[in-house]
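Throughout, read-outs are computed from the coordinates displayed, never taken from laboratory work. Note that this is a predicted model, so its numbers are computed, not measured. Quick reminder, even Gly has a Cβ in these numbers, built from the backbone with ideal geometry, and neighbours come from all protein chains shown.
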Amino acid sequence: MNVEAEAQSEPGGVHAQNVIVIHPGSMYIKIGRASDLNPHTELHAIGRRRSPGGQIRFDTLLPTVPLNVDYIDIESDLDYSRLQISHTLQSFVMSTGQKRYATPPQQIAQFNRRSIPETLNAAGPQLRSPTADSLVGNDVLQLQPRFNYNVHFPWKRGDLNVHGNVGGSLTGVMADLQAIWSALIVEKLNIPVQEWKNFRAVLIIPVIYNRTYVREFVTLLLDMGFASCFLLQDHVAAAFGAGLGSACVIDCGHSKTSVSCVEDGLSNPATRVTLPYGGGDITQCFLWLLNRGGFPYKDCDSNNAYDAILIDKLKQDACHVDLDVCGSREKSFVVRQPLKPVLKYTIQIGDECMIAPLGLFYPELFCLTVTRTVLTQKRDTGDPSDPHDADYLRETGRKVTREQELVADSIGDEDIVDIEVTGGDNDFSFGQALSVDQAVIQSVQQCGNDDTKRKMFSTVLVVGGGMKFKGISSWLKNKLAFQVPPHLKPDQIDIITAPKDMDPVMATWKGAAIFACLESAQELWITQEDIRKHGVKILRERSAFIW
């Protein structure tokens, strides 16, 4: 499929106002009609009233620090990484040719410790004790641990948040998804349940998918009452939204960063890598750096929803990767906590605002919140409910090239890579901490030939909200230029961070909305009747990705 040509074609076959596009994330969900200019963005969470004496579960907005972490070792590792980045920054020069300078950390800390907050209001936002059995979206923010509710975020690190505690079973997580999506469609899109039979649904799924979850998603959407549905991988949707026929796509979200190479509307399974850190980990790292620098808001608790949003906003306002910005700068922020005075603080920030986002290139800086390893797509072990699964196709295929073997062997559920893998040209080889630039290099190197590799290195598309920092594209470009093998270097490495002047946060949703209404997408729709008639094999035959 020629994506560039398709992107310019006229929509046909489906009315955009009758298609609902759903893009779930770890922190937010984007949902809207395909005809909407922008989707509704809501907290992807649900609060359920706790039964008397029931187990307590209160998921947080930001990635949490594991309970069993050894703080002495962690602090030592964090400080080493911080100093490493700090020394690197001091070795650069500004665009004027002058050497960069930094305000002494002790001077900044002294200013911050003496900072006295200004009281703007005697009382913060009022909280009413909720009466509903459940709340979804942004309404969950009003729930406090003292209320008799459990709070669940059904998506985590780019996949379903299945765990061993209350509400963590696959059935429980799918029920949460249905409750959140249903409520938002009724309340935000103003579409009553009885009219859903006239609508179709498109769900954006992670580029590294779990086969079992894919089946559950299709079942969920059809059981909700939609006329038909199909699933689209986030990287393919992003490339489509950017109007790119081929690109190495980096999707940096709230708690994961994924990389893969997309060509002609397909993500090459062998190139898929997911890194278990994102914007939320940068926020936690930024708070740690602020606290080292005498942060005057001593009661700041990243597990508190109001504080989490406050620090995340401060990160967005203050953090950058602009080498021309030196020394300390003053920043103000307002603390609004329920039933407490509204306070305004003024602080000084130095290179902390550069060090935190540079953790993307020095991931050891995220050791406070990241304990998992890199994920890649692994070999499919077969599907007992599909008589023509990948095993059958492999066994009965007459002519299979080495590249086709690689693709077939790469399709399936996610794989946790925690050891060094060697022994073949197409194997990944990396340790625990993989930076974004290293992930791009490793991903592109899995492409089948040098021409494709060169093409991928020439166009790198960055989407999602986790890398929205001024100067990040230049840093990534320089990192790649230094590491790309000489024989694979393109004439130019183009880092695209605002495709078609679009907010990178919206690019994936927008791409899926456009894709869903094209003539060529009509063969992808799956109905309840299709499932009844053909079973699970219809998912493979109609999927927009190599099943």
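Distant-in-sequence amide contacts of T369, defined by a placed amide H-H separation under 5 Å and a gap of 5 or more residues or a different chain, comprise nothing. For the peptides 150-161, 463-474, the ranking by packing is 150-161, 463-474, with the highest mean count of neighbouring Cβ atoms within 10 Å listed first.
Going by average Cβ neighbours within 10 Å, how do the peptides 450-458, 347-355 rank, with the highest at the top?
Details: 450-458: 18.7, 347-355: 22.9.
Averaged packing, sorted descending, gives the order 347-355, 450-458.
Let a ≥ b ≥ c be the square roots of the eigenvalues of the Cα gyration tensor of region 81-144; is it rounded (a/c under 1.5), or, if not, prolate (a/b larger than b/c) or oblate? Prolate shape, in that a/c is at least 1.5 and a/b is the bigger ratio. Taking packing as the residue-averaged number of other Cβ atoms within 10 angstrom, the listed peptides 204-213, 117-126, 280-289 run from highest to lowest as 280-289, 204-213, 117-126. Remark: the T346-L37 segment gains 107.5 nm on full extension, using 0.36 nm per residue and subtracting the alpha carbon distance.
Mind running the shape call on the chain? Use the C-alpha gyration tensor, a ≥ b ≥ c as the square roots of the eigenvalues: rounded below 1.5 for a/c, prolate if a/b tops b/c, oblate otherwise. Don't skip to the end; give the middle numbers.
Values: a/c = 1.78, a/b = 1.21, b/c = 1.47.
Cα axes put the chain in the oblate bin.
Using a cutoff of 8 angstrom between alpha carbon atoms and counting only pairs six or more residues apart, the relative contact order for the chain works out to 22 percent.
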